[in-house]
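Readers should treat all values here as calculations from the given coordinates under stated rules, not as data from a laboratory. Quick caveat, the model's predicted, so the values are computed rather than measured. Heads up, the Cβs are rebuilt from the backbone with ideal geometry, glycines too, and the neighbour counts pull from every protein chain shown.
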Amino acid sequence: MKRISVLLLTLLLLACGQSSAPEPPLPSPTPLPFCVILDAGHGGFDPGAIGAETGVKESDLNLAVAQLVSDALRQRGVSVTMTRTDENALASTKREDMQARGAILADAGADCTVSIHMNKFENRSVSGPMTFFQAGSEDGERLAASVIAALCDALKKPPRGANPANNFVTRIPAVPSVLVECGFLSNADDERNLCDPEYQALLADAIASGVLAFLTAG
């Protein structure tokens, strides 16, 4: 009996010492022939809107969501360029920052540009996402419509249309461009949600899905 016990113990130790077969690596996404420029609005000395309840800076939220959008697009095989990747502005003054930002957004090699922002309004009951395109741009309108449709669907919001505008970040690019206002920092519910990492991820996935739907629509 003692000999059997020793044999069983030896076999158990050998089994424990054997390393399990390594799991196969996850397949890399199939590269797609698209390049998207992502702009995280504001930054550094220019915080943008300030949360009415928490004092959170729009610039920080813009960067958090833009980075998640970048991750979501790259996971789908899309090439991404970002105007900024940290909390800093692109220059020391607003004018110089916009010039530097515009030079990136004007890259003719991109297929579209997406500028991420948070909204604010004197009527604190106003809430929800909005998208804006350069007035007169049919492709910009299609891009903005695709993104707001994806956002409203993901957030279970009533459908909203895209809005024509004349903003720097939609006017400068030579390619279809959209300015995404993810929600209102003047609205308590929106502000709370926009500070939530899970909600940010939901926003980012919807924005990426809307952009990809536009790019692959032909």
Handout entry: Range in the chain, longest, excluding exposed chymotrypsin sites (Phe, Trp or Tyr not before Pro) [loop by DSSP; at most 15 other beta-carbon atoms within 10 Å]
Key = 122-218
Practice task
Tell me which residues come under 5 Å, amide H to amide H, from Met118 once H is placed; ignore anything under 5 positions away on its chain.
Solution key: Cys182
Completion exercise
When Thr131, Thr30 are arranged by how many other beta-carbons sit within 10 Å of their Cβ, fewest first, they go Thr30, Thr131
Exercise for the section: Provide, for q = 0.15, 0.21, 0.23, 0.24 Å⁻¹, the log10 of I(q)/I(0) from a solvent-free Debye sum over equal Cα point scatterers in the range 66-123. Expected result: -0.56, -0.96, -1.06, -1.11
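Given Cβ point charges of +1 (Lys, Arg) and -1 (Asp, Glu) and nothing else, what value in debye, to the nearest 20, does the dipole of the chain about its Cα centre take? Kindly include the intermediate steps, with their values, before the conclusion.
On the way: 17 positive and 25 negative charges, 133 e Å.
Dipole of the chain, to the nearest 20 debye: 640 debye.
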Practice task
Write down, largest first, the equivalent ellipsoid semi-axes of the range 113-196 in whole Å, where each equals the square root of 5 times an eigenvalue of the alpha-carbon gyration tensor.
Solution key: 23, 14, 10
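Scan the range 149-211 for trypsin sites (Lys or Arg not before Pro) in coil per DSSP, keeping those whose Cβ has at most 10 other Cβ atoms within 10 Å, and list them by number.
Lys156
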Completion exercise
Long-range amide H partners of Phe34, meaning residues 5 or more apart or on another chain whose placed amide H is closer than 5 Å, are Ser79
Fill in the blank from the handout: With x for Gly and Pro, the residue-by-residue ³J(HN,Hα) of the range 46-54, computed from phi through the Karplus equation 6.51 cos²θ - 1.76 cosθ + 1.60 at θ = phi - 60° and given in whole Hz, is 10, x, x, 5, 10, x, 5, 9, 9
Exercise for the section: Calculate how many DSSP beta bridges within the range 30-215 are antiparallel, expressed in % of all such bridges and rounded to the nearest 5. Expected result: 20 percent
Exercise for the section: Answer with one residue from Phe132, Leu194, Ala64: the one whose Cα lies farthest towards the positive end of the charge dipole of the range 30-215, charges on Cβ with Lys, Arg +1 and Asp, Glu -1. Expected result: Phe132
Completion exercise
Once phi for every residue in the range 66-71 is put through the Karplus expression 6.51 cos²θ - 1.76 cosθ + 1.60 (θ = phi - 60°), the whole-Hz ³J(HN,Hα) values, with Gly and Pro written as x, are 4, 5, 5, 4, 4, 4
Exercise for the section: May I ask you to list the GluC sites (Glu not before Pro) in the range 96-155 that are in a DSSP loop and have at most 16 other Cβ atoms within 10 Å of their Cβ? Expected result: Glu122
Exercise for the section: If a/c stays under 1.5 just call it rounded; otherwise compare a/b with b/c (prolate if a/b is bigger, oblate if not). Do that for the chain, with a ≥ b ≥ c from the square roots of the Cα gyration tensor eigenvalues. Expected result: prolate
Completion exercise
Gyration tensor on Cα atoms of the range 49-166, a ≥ b ≥ c root eigenvalues, a/c under 1.5 rounded, else prolate if a/b beats b/c, else oblate, says rounded
Handout entry: Residues Leu90, Leu194, sorted so that the one with the fewest Cβ neighbours within 10 Å comes first
Key = Leu90, Leu194
Practice task
Quick one: order Val147, Val178, Val36, Val126 by neighbouring beta-carbon count within 10 Å, fewest to most.
Solution key: Val126, Val36, Val147, Val178
